[in-house]
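The values are calculated or read from the model by the stated rules, or taken from the named source; none is laboratory data. Here the structure is a predicted model, which means the values were calculated and not measured. Counting neighbours? That spans all protein chains shown, and the Cβs are built from the backbone with ideal geometry, glycine included. When the accessible area is computed, the model is the full protein with side chains, heavy atoms only, and any ligands, DNA or RNA have been set aside. Shrake-Rupley method; radii C 1.70, N 1.55, O 1.52, S 1.80 Å.
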Amino acid sequence: MQCDREVWVIFLDITKAFDKVWHQGLLYKLERIGICGNLLKWIKSYLHNRKQRVIINGQTSKWLNISAGVPQGSILGPLLFLIYISDIPRDTHASLSLFADDTSLLLHTNNPLIASDKLNQDLLKIQEWATTWLITYNASKSNYMRISFKKKRDFFPPIYLNNAMLDEFAESTYLGLTINNKLSWKPHISRITNKASLRLRVLQRYKHVLPRASLVKTYNAMIRSVLKYANILVDDCTQAEASQLDQMHRRGALICSKANKRTATTLLYKELNWETLSQRRKYIKLTLMFKIINNSAPKYLKDIIPSNVETRSNYRTRNHRDINLVAARTERMKKSVIPSSIVLWNNLGMDTAQVKYGNIAMFKAAIKSQPANRIQEKLFNCNVGSHSHVIAQLRMGLSSLKGQLYKYNIINDGSCRLCGARTEDLTHYLLHCPAHANERIILMQSVSHLINIQQSTQPSLVSKLTHGSPSNTFPENIHILSALHTFIVNSNRFSR
């Protein structure tokens, strides 16, 4: 693409892929790759004499024998299917990729006539193989795409499959990625943010019903997984597109933490012990580089990594173990996965250098943008009562306290309406406001055996009341938060 060449991609669809596996052909291929004896007999028995019927409203059809196909939903099914199609012709002009029943052909050249001729030859060869093994490619669902940065495109002769002309698509979804003919991530990010937004609306309905721990688990499983899918590939998207993803992540943080909408993003993520999506992408890129350098990644990735600096120099320089940068003419190329990952790898500090070639767990811990405080995360996720979200809001600095609202320019007066103090901030509410004196006495008596109140400064005391103390055990910190919850409820400040 850097050299103004075009890339042609064909996406092939197999009709009823798992249902069309010819049993006799599969057994022949299993025997050919060395499976024999009792194991082959066991697989033959597994496939033989399978039946099916339909049940609708209590009415059942007759049993029918199944002479083809592998059981879907089973562990063996996908494996047997992969073995069945593993001998697909590989001597093609285009690069052939297989992932389960998804087949694609990729060819790069700057001559459309040559490209069309080669692709049609490849498709004819694949079609002959498919006919032999009773596999049917669906021409109506198969398509091709010309990926090019050229403003004016040359005429491209038609491509045929089963004597049917394939349609050219401007964009197509393959393995969960929406790819377009300009290699823009805009349609993909638009699709996944729309999907995430719909799920966030559902999660929003249960915001005040589910505890934080359940909200976080649901978000991670159903929404964050969508946003971070293939995230290192889309890391070269535009800033506007990256902002779309960040907005979804922030919405999820607001729901899970039950924070006010104007809460600062950094405080949201700190409260939940979350990374930003960009930090996550950087982390995954560096982890990938570690696996490549330490020979625990697929060989095809190792093969595209340039050699070290020391191979091109007779001198042992400080950066002799750095990897040579990939030659990139365009910003798009520089920001793509391998070139940008190499830059990140080379820029790792001296404190990380010792673990770049050792244990992956130590390496991951060293490159984390922020240490994972799992104990504090578990503490903050605990539900100590109906006002647990208020404690979280107090920690994040934006609750209904007038001093906090004033700080965010939400109201014009931050004074305490109960006692007239100039600022109703967290310290005033917890330690000074005379309107809550009786509740405060009970709070301090409840936590006095866990917090040295007399020797604690005001900021330290407020922090221990809202965050717990690192010197305390987990149950002890739960007791402190529970006592604070009782104070909040009895003060009646947050029910007005």
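Specify the residue that is most open to solvent (accessible area, probe 1.4 Å); the eligible residues are those in segment 131-158 that are among the hydrophobic types (A, V, I, L, M, F, W, C) and either closer than 27 Å to ARG329 by Cα or in contact (Cβ under 8 Å) with a residue 40 or more places away in the chain (or both).
Checking each candidate, the answer is PHE155.
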message: Can you pull out every residue in segment 71-116 that is over 30 Å from HIS48 (Cβ atoms) and assigned to a loop (DSSP other than H, G, I, E, B)?
response: ARG90, ASP91, THR92, HIS93, ALA94, ASN110, ASN111
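Go through segment 325-336 and give me each residue that's aliphatic (A, V, I, L, M) and crowded, with 16+ Cβ neighbours inside 10 Å. Reasoning before the result, please.
As a first pass, look at segment 325-336 and keep what is aliphatic (A, V, I, L, M): 325-328, 333.
Result: VAL326, MET333.
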statement: Turns out the helices (runs of 4 or more DSSP H) fully within segment 235-301 with at least 3 residues that are in contact with a Phe, Trp or Tyr (Cβ under 9 Å, 6 or more places away or on another chain) and of a type in the set (A, V, I, L, M, F, W, C) are 239-257, 277-293
task: Quick one: in segment 91-129, of everything that is farther than 25 Å from PHE155 by Cα and among the small types (Gly, Ala, Ser), which residue is nearest to the chain's Cα centre (by Cα)?
output: ALA100
field: Yes/no for LEU30 being surrounded by 14 or more Cβ atoms within 10 Å (Cβ to Cβ), in contact with a helix residue (DSSP H, G or I) (Cβ under 8 Å, 6 or more places away or on another chain) and part of a strand (DSSP E or B)
entry: no
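In the list LEU254, LEU203, LEU301, which residue meets the criterion of being among the hydrophobic types (A, V, I, L, M, F, W, C) and either in contact (Cβ under 8 Å) with a residue 40 or more places away in the chain or touching an Asp or Glu at 6+ places or on another chain (Cβ under 6 Å) (or both)? Outline the logic, then answer.
Details: LEU254 fails: either in contact (Cβ under 8 Å) with a residue 40 or more places away in the chain or touching an Asp or Glu at 6+ places or on another chain (Cβ under 6 Å) (or both); LEU301 fails: either in contact (Cβ under 8 Å) with a residue 40 or more places away in the chain or touching an Asp or Glu at 6+ places or on another chain (Cβ under 6 Å) (or both).
Among LEU254, LEU203, LEU301, only LEU203 is among the hydrophobic types (A, V, I, L, M, F, W, C) and either in contact (Cβ under 8 Å) with a residue 40 or more places away in the chain or touching an Asp or Glu at 6+ places or on another chain (Cβ under 6 Å) (or both).
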statement: Residues of segment 421-432 being open to solvent by 60 Å² or more (accessible area, probe 1.4 Å) and farther than 10 Å from GLY403 by Cα, in sequence order, are HIS432
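Could you check segment 372-442 for helices (runs of 4 or more DSSP H) lying wholly inside it with 3 or more residues that are of a type outside the set (A, V, I, L, M) and under 25 Å from THR457 (Cβ atoms)?
Values: elements: 374-381, 388-396, 402-407.
Per the criteria, 402-407.
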query: Using beta carbons and a limit of 9 Å, which pairs, at least six apart or on different chains, have the first residue in segment 210-225 and touching a residue at least 24 places away in the same chain (Cβ under 8 Å) and assigned to a helix (DSSP H, G or I) and the second one surrounded by 17 or more Cβ atoms within 10 Å (Cβ to Cβ) and β-branched (Val, Ile, Thr)?
result: LEU215/ILE255; TYR219/ILE255
field: Tabulated pairs, segment 429-449, first on the phi < 0 side of the Ramachandran plot, second open to solvent by less than 90 Å² (accessible area, probe 1.4 Å) and of a type in the set (Phe, Trp, Tyr), C-beta under 9 angstrom, 6+ apart or interchain
entry: LEU430/PHE487; HIS436/TYR429; HIS436/PHE487; GLU439/PHE487; ARG440/PHE487; ILE442/PHE487; LEU443/PHE487; SER446/PHE487
- prompt: Applying the selection to segment 222-234, what residues are among the aliphatic types (A, V, I, L, M), surrounded by 17 or more Cβ atoms within 10 Å (Cβ to Cβ) and closer than 14 Å to LYS282 by Cα?
  reply: ILE232, VAL234
- request: Can you give me the number of residues within segment 359-379 that are at pLDDT below 75 and not hydrophobic (A, V, I, L, M, F, W, C)?
  value: 3
query: Among the residues of segment 249-270, how many are surrounded by fewer than 17 Cβ atoms within 10 Å (Cβ to Cβ) and of a type in the set (Val, Ile, Thr)?
result: 2
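Only residues that are in a helix (DSSP H, G or I) and exposed (fewer than 13 other Cβ atoms within 10 Å of the Cβ): list them for segment 443-473, please.
Selection gives GLN445, GLN458, PRO459.
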task: Residue by residue through segment 235-248, note down the ones that are crowded, with 16+ Cβ neighbours inside 10 Å, over 24 Å from VAL202 (Cβ atoms) and hydrophobic (A, V, I, L, M, F, W, C).
output: CYS237, ALA242
query: Would segment 335-358 turn up any residue that is farther than 30 Å from GLY468 by Cα, assigned to a loop (DSSP other than H, G, I, E, B), in contact with an Asp or Glu (Cβ under 6 Å, 6 or more places away or on another chain) and modelled with pLDDT of 85 or more?
result: yes
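Go over the candidates LEU161, LEU113 one by one and state the one that is aliphatic (A, V, I, L, M) and open to solvent by less than 40 Å² (accessible area, probe 1.4 Å).
Numbers: LEU113 fails: open to solvent by less than 40 Å² (accessible area, probe 1.4 Å).
Exactly one residue qualifies, and that residue is LEU161.
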query: Looking at (1) in contact (Cβ under 8 Å) with a residue 60 or more places away in the chain; (2) under 24 Å from VAL7 (Cβ atoms); (3) not β-branched (Val, Ile, Thr), can you tell me which one ASP91 breaks?
result: (1)
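Name the residue, out of LEU124, LEU76, LEU107, LEU82, that is of a type in the set (A, V, I, L, M, F, W, C), open to solvent by 70 Å² or more (accessible area, probe 1.4 Å) and either farther than 30 Å from GLU6 by Cβ or in contact with a Lys or Arg (Cβ under 7 Å, 6 or more places away or on another chain) (or both). So that I can check it myself, show each step before the final result.
Numbers: LEU124 fails: either farther than 30 Å from GLU6 by Cβ or in contact with a Lys or Arg (Cβ under 7 Å, 6 or more places away or on another chain) (or both); LEU76 fails: open to solvent by 70 Å² or more (accessible area, probe 1.4 Å); LEU107 fails: open to solvent by 70 Å² or more (accessible area, probe 1.4 Å).
Matching residue, one of LEU124, LEU76, LEU107, LEU82: LEU82.
Residue under question is ILE159, and the condition is that it be within 25 Å of ASN110 (Cβ to Cβ) and of a type in the set (A, V, I, L, M); does it hold?
Values: within 25 Å of ASN110 (Cβ to Cβ): yes; of a type in the set (A, V, I, L, M): yes.
It is true that ILE159 is within 25 Å of ASN110 (Cβ to Cβ) and of a type in the set (A, V, I, L, M).
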